[in-house]
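Data first, discussion second: the structure below is written as structure tokens.
The values are calculated or read from the model by the stated rules, or taken from the named source; none is laboratory data. None of these values were measured; they are calculated from a predicted model. A quick note on method: Cβ atoms are made from the backbone with ideal geometry, for glycine too, and the neighbour counts reach across all protein chains shown. Quick note on the areas: whole protein, heavy atoms, side chains included, nothing else; ligands and nucleic acids left out. Shrake-Rupley method; radii C 1.70, N 1.55, O 1.52, S 1.80 Å.
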Amino acid sequence: MNIKVQLKDDLTRYHPLLTPGVIGYTTDRNPINDCFVYVQFHSIRTPQNILWKSLTIIDEEYLEEKRKKREMMIESLKENGNVELHWHHNGSFKKLSYQYRNKKNKRHFFCNCFSDLSAELYAEMRKAGIKVREFGVPQDAVAYRFNRDYYNDILNRREERWRAIVSTGEAVVEWNRNGGYERVDLTYIWKDEQKTETFLKREKGMELLLELQNDNVSIYHIGDPQYRNKRMLGL
């Protein structure tokens, strides 16, 4: 389908006529990947390979059709959908996947690996009250850019978790025979369920112990910490 688009970025470094505001139509020519599209501009003879994010779609017919399809998809997701939001181990965005069956009972599955488009879809799903299962934990800055409400949810959950730790938690820290850090096991009650978290990395574990001390959470020691660990914890 040929879609009417308008260039919003200055790309004159690639062609002198690729100025902001120039209008063209997408072509059926295959781009180098899904981030790009070939566009035939009125003032340029050959189609230009352009990033989608550098374009604004101004095709009213296409936008109306897209809106109707999106509404149908959202309704289907509300009825029988399954949505998953995945983050990489380093906290960066991985993918937003979703599947549903339409009114003809045909199964549809989509996997979106583009952060900007996934953020747009997530906002619509959230507004419609669609449950989204999460896998992994995003970096704070990544979550903030992805969706402001989603980021605020993370902060609220973090505060709720810490209040639960302060009121019901206790920690057991193990020191090896040389007094070095071994692990911290943290147990607490949150939303009527017992939670247990284990911290194997010394940096994270020591940071947690200091926070627990500041809020007077019970800490039990197995073994005797070496001098530098005692000094760090003020023991």
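Annotations for the structure displayed:
- Antiparallel beta bridges, as assigned by DSSP with both residues in the stretch 80-235, represent about 75 percent of the total such bridges.
- With a simple spin-label model that places each label point 7 Å from the Cα along the Cα-to-Cβ direction, the separation between residue 132 and residue 35 comes to 2.2 nm.
- Accessible surface of the chain, 1.4 Å probe: 47 percent of it comes from carbon and sulfur atoms.
- Relative contact order of the chain, defined on C-alpha pairs under 8 angstrom at six or more residues apart (%): 11
- If R0 is taken as 41 Å, the Cβ-Cβ distance between residue 198 and residue 101 corresponds to a FRET efficiency of 0.55.
- Accessible surface, the stretch 20-133, averaged per residue in Å² (probe 1.4 Å): 65
- For residue 204, the accessible area of its heavy atoms, probed at 1.4 Å with every protein chain present, is near 120 square angstrom.
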